[in-house]
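Report on one structure; see the data block that follows.
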Amino acid sequence: SSFRKIPLIAGKSAVSLAKDDEGNIFVGSSSDFGCLLKDTQQRTIYKSFKHLLPKNKEINEIFKTVWFENAIYFASNIGIFRYQNDTIEEVKGFSDSTLIDAFQIVNNELIYWENATGLGKIKGIQSQIFHSDIETRSVTCIEFINNNFTLFGKFGVQTIRKPNQFKSI
């Protein structure tokens, strides 16, 4: 076997990767996201999706890339974007001052932590907070353990109880 560096835009490094059901690989990097494709000589190349962003919106580092319900989600600290059917849509429901700390599939749902706002979920391109918390910051991981959401971060471990009272989107 052999290895070859696949250059991204402006020498950026890949930060996050996800694979869809057909084996296509999607890449999140600093200020960009896209996918890996084969060129005419069957060499793997990177194709940016940044030109598909609404209104040429700027993004930060894409810290997480997730395949969920036939779409790719790219998460940065300032927003989450969905790629589906050759279109990028920004997930709605976040403010201009949003800081997203964590984003992942938890208990078969797309869950995120919005700094100083709380725990939320995404359905399609709509986000909604279902557990408010204006104090907790720097969440690095969210898990569903013993029917509770468990948050991990610089603060340690925190459990959010009573998930049966959460609103559904």
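For region 80-105, which residues satisfy the criterion of being in contact with a Cys (Cβ under 8 Å, 6 or more places away or on another chain) and either β-branched (V, I, T) or farther than 21 Å from S31 by Cβ (or both)?
Within region 80-105, just Q104 meets the criteria.
Which of the residues spanning region 76-95 are crowded, with 19+ Cβ neighbours inside 10 Å and of a type in the set (S, T, Y)?
Listed by number, the residues that qualify are S76, Y83.
Please go through region 131-164 and give me each residue that is in contact with a helix residue (DSSP H, G or I) (Cβ under 9 Å, 6 or more places away or on another chain) and farther than 19 Å from S97 by Cα, ordered by number.
Of all residues in region 131-164, those in contact with a helix residue (DSSP H, G or I) (Cβ under 9 Å, 6 or more places away or on another chain) come to 131, 144, 147-149.
Listed by number, the residues that qualify are F144, N147, N148, F149.
Do we have Y73 as crowded, with 17+ Cβ neighbours inside 10 Å, of a type in the set (S, T, Y) and more than 26 Å from I142 (Cα to Cα) here?
Values: crowded, with 17+ Cβ neighbours inside 10 Å: yes; of a type in the set (S, T, Y): yes; more than 26 Å from I142 (Cα to Cα): no.
It is false that Y73 is crowded, with 17+ Cβ neighbours inside 10 Å, of a type in the set (S, T, Y) and more than 26 Å from I142 (Cα to Cα).
Restricting to region 1-51, give me the number of residues that are farther than 14 Å from Y73 by Cα, at pLDDT below 95 and of a type in the set (K, R).
5
The values are calculated or read from the model by the stated rules, or taken from the named source; none is laboratory data. Not measured: the values here are computed from a predicted model. Glycine gets a Cβ as well: all are built from the backbone with ideal geometry, and neighbour counts include every protein chain shown.
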